[in-house]
Amino acid sequence: MDKRNESPNTDLILLGLFPGMKHVNVLVSAILLIYSVALTTNSILILLICVDPHLHTPMYFLLSQLALMDMMLISSTVPKMATDFFSGRRNISRVACGTQIFFFLTLGIAESILITLMSYDRYVAICNPLRYALIMSQKVCLQMAAISWVGGTLTSLAHTAYTMHFPICGSREISHFLCEVMAILKLACEDVSAYEKAVVTTTIMVLFIPLSFILSSYALIFLAVLRMNSPEGRNKALATCSSHLTVVILYFGPAMLVYMRPSSYHSPKLDEVLFMLGAILTPMMNPLIYSLRNKEVVCALKNVLGRCLTLN
C-alpha cells in the first residue's frame, strides 16, 4: 500500500473484547471483578512481605517484585478496556498505543526474567542450603530485581519504537482489546515479515531459553528432593516448588502460544483468549497460588489480622 495514504495524526480504533459477542457486559463485569481481586491480593501480599520479619527472605523479596509487576501488568490493559466499553469510545492515539505496548512488553519480559531468577533461588535453597545466605545476599537480590526491570525496559523500548515506526494505511481498526505488537503489524503498509521473524527470535530468547533454564533447575531440584531423608523437608520443598511451577505454566503457556505461532496461524479471537489468560487471569492467580499453598504467608496474614483486631 502507498505510504502517502498514511496519516500520522489519525487515531487507531480498538474493536474491544470479542466484537459482536452477546452479553459482553457480563464478561467485562467478570474482568473488573478479577481486576479488583488482583489488585487487592497482590497489595496484601506486598504488605505482608514488608511488615512480617519472617518473610524478609530472598524468595519473598522476589515474590514481592512479581506481585508489583502483576499489579502493573493488569493495570496496563483493564482500565483502558473498561473505559472504552462503558464510554463507547474506542479510539486511541498512536502515542497512547505505543505507551501501552511499551508498558505491556516491559512488564511481560520483566516477569519472564524474574520467574527464571526465582527458579535459581529455589535451586540454591534446596540443592545448596548451607551456602544459601551467602549466595542469595541482599545485594544479589537487588541485582536480580534490577536485571528484571532493566532487561524488560530495554527490550520493550526497542520493540515498541520499531513497531510504531511502521506507517499505517487503510483500515485503522485493531482486532483486539489492547494495542499489541502483532495486531499493529497487521495494519502496516510495509512488508513486516522480516520483523515478525525478529519478534519470534526475541520470544525464543525471553521465553524458550528461560523456560529451558527453569526446567533444568527443577530437574536438579527434584533429584535433590528425592535424596532427602526428612519427609517434612521433602514436603516443604515440593510445596514451594509446585507453587512456582504453577506460576511458570500460567505465564509461559499463553505467551508462547501467542508469540511463537506463525502469523498465518493467528486468530484474533484465540489471541484475545490467550491474552486474557496471561495478562488478566494470571496476575490474579499468582498471589492466590503463593498464599493459599504457603503456610508462612497464611501465618503472616493471621498475625497481621490479629494485631489489627488487638489494636481495635
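The values are calculated or read from the model by the stated rules, or taken from the named source; none is laboratory data. Note that the coordinates shown come from a computational prediction; the quantities given were computed from them, not determined experimentally. A quick note on method: Cβ atoms are made from the backbone with ideal geometry, for glycine too, and the neighbour counts reach across all protein chains shown. All accessible areas refer to the heavy atoms of the entire protein, side chains included, with ligands and DNA or RNA removed. Shrake-Rupley method; radii C 1.70, N 1.55, O 1.52, S 1.80 Å.
Taking interchain pairs and intrachain pairs at least six residues apart, which have beta carbon atoms under 7 angstrom, with the first residue in segment 79-96 and under 21 Å from residue 276 (Cβ atoms) and the second open to solvent by less than 70 Å² (accessible area, probe 1.4 Å) and in a helix (DSSP H, G or I)?
The qualifying pairs are 80/100; 82/28; 82/32; 85/28; 90/84.
Does residue 171 count as at pLDDT below 85, open to solvent by 20 Å² or more (accessible area, probe 1.4 Å) and touching a helix residue (DSSP H, G or I) at 6+ places or on another chain (Cβ under 7 Å)?
Working: at pLDDT below 85: yes; open to solvent by 20 Å² or more (accessible area, probe 1.4 Å): yes; touching a helix residue (DSSP H, G or I) at 6+ places or on another chain (Cβ under 7 Å): no.
Against the criterion (at pLDDT below 85, open to solvent by 20 Å² or more (accessible area, probe 1.4 Å) and touching a helix residue (DSSP H, G or I) at 6+ places or on another chain (Cβ under 7 Å)), residue 171 does not qualify.
Out of (1) open to solvent by 40 Å² or more (accessible area, probe 1.4 Å); (2) under 25 Å from residue 12 (Cβ atoms); (3) of a type in the set (Ser, Thr, Tyr), what's the single condition that is false for residue 120?
The number of the failed condition is (2).
Among the acidic types (Asp, Glu) and more than 27 Å from residue 286 (Cβ to Cβ): does that describe residue 111?
no
How about segment 30-73: which of its residues are in contact with a Cys (Cβ under 8 Å, 6 or more places away or on another chain) and surrounded by fewer than 17 Cβ atoms within 10 Å (Cβ to Cβ)?
Across segment 30-73, the qualifying residue is only 54.
Check every one of the helices (runs of 4 or more DSSP H) wholly within segment 60-175 and list those with 2 or more residues that are under 22 Å from the mean Cα position of the chain (by Cα).
Details: elements: 78-87, 94-127, 132-135, 138-164.
Fully inside segment 60-175 and qualifying: 78-87, 94-127, 138-164.
Among the residues of segment 194-225, write down those that are in contact (Cβ under 8 Å) with a residue 60 or more places away in the chain and closer than 30 Å to residue 13 by Cα.
196, 199, 200, 206, 207
Please state which one of 275, 208, 213 is aromatic (Phe, Trp, Tyr) and over 16 Å from the mean Cα position of the chain (by Cα). Steps first, please.
Details: 275 fails: over 16 Å from the mean Cα position of the chain (by Cα); 208 fails: over 16 Å from the mean Cα position of the chain (by Cα).
Being aromatic (Phe, Trp, Tyr) and over 16 Å from the mean Cα position of the chain (by Cα) holds for just one of 275, 208, 213, which is 213.
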